[in-house]
1. How much length, in nm to one decimal, is gained on full extension between ALA28 and LEU75, taken as 0.36 nm per residue of separation minus their Cα-Cα distance?
2. Less than 10 Å Cβ to Cβ from PHE238, Lys/Arg counted +1 and Asp/Glu -1: what total charge do the surrounding residues give?
3. Note down the net charge around GLY192, summing +1 for each Lys or Arg and -1 for each Asp or Glu among other residues with Cβ under 9 Å from its Cβ.
4. Extending each Cα 7 Å along its Cβ direction at ASN99 and GLN85, get the distance between those two points in nm, one decimal.
Amino acid sequence: SDKKQQGTGGDGRQLRLYVDSRSSAGHAVITGKCPKDKAWVEERGCNSFLRRTFKAHNPQEALVKKIAELYNTILFNEEDKEEFQMKIKSRDEDVESYNRELNRIQAEVLAGEESKRRILLRYIRAVKASVSLGEPGSEEYRNEVGTVGAGRIHLPESGLVDEDAYAIASILKNNVTIEEIQIRRNKIGDDGARAIASVLAERCALKFIDLRENRISTMGMKAIADALGRSERIHKVFVHP
C-alpha cells in the first residue's frame, strides 16, 4: 500500500493529518503534513496511544472506545457551536431591536427639536410684539398678541418646558413693557416656576401670569408665593385651576 493516505474531509478541506503505514514503529501511525501538524500529533499523544493499543490483549475494543470518545467530543462541539450560533442570533435580534429603539428616539428628538423651533418662532414674535412701540414692520407680530403696547407673551399649549421658562425669565428681567404672560397648559415644572419666581420681585412690568395646568408642585407654588410677598406690582398669578 502507499505510504501516505491523504484526501479531503467531509467539509471539502484538505486533510492535514494522515496515516503512515510504513512507519518504523512496526504499525501504522498518524503524522502531519507539516512540522506544526506533526508536533500537534505528538503533543496529543496519538501514536503513544496506538503503541499501547496494538500491544493490548483486545486492541479492537480500545480503538472503538477511543473512537467513541472522539465522537463524543465532536457531538459536544456541535452542541456548543449550535448554542453559540443561537446566542449570536439572539444578540443580532437585540442589536436590531436597539437600532429600532434608537431610530425611534432620534425621530422623537427631531420632532421635539422641530416643535421647539416652531415654539421659539412664536415666542420671538410674541416678544417683538410686546416690546414694539408701533414702529413699521411689527404689524404681523402685534396681530398675534394685541395692539401696540399690549405687553403680552401668549404661548398656551405650546409644549414649553423648564428650559423655555428660563428663557422667558431672562427676557423678563429689567423689561418694562411686558405686563402679561399666558403660558397655560404646558410642561413647566418646579424648576421653571422657580425661574419665573426669581424675576417677580425684581424690576419688571408684570401684572398677570397664568401658569395653570403645568407640572408645578407645592414646591414650585411656594417659590412663587414667596416671590409675590416681595412684589408690589403683580396683581394676579394663576398656578392651578
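1. Once the chain is fully extended between ALA28 and LEU75, it gains 14.2 nm.
2. +1
3. Counting the neighbours of GLY192, the net charge comes to -2.
4. Taking the simple label geometry, ASN99 and GLN85 are separated by 2.2 nm.
No lab work stands behind these numbers, since they all come straight from the coordinates. Because the structure is a prediction, the values reported are computed rather than measured. Every residue, glycine among them, receives a Cβ derived from its backbone with ideal geometry; neighbour counts consider all protein chains shown.
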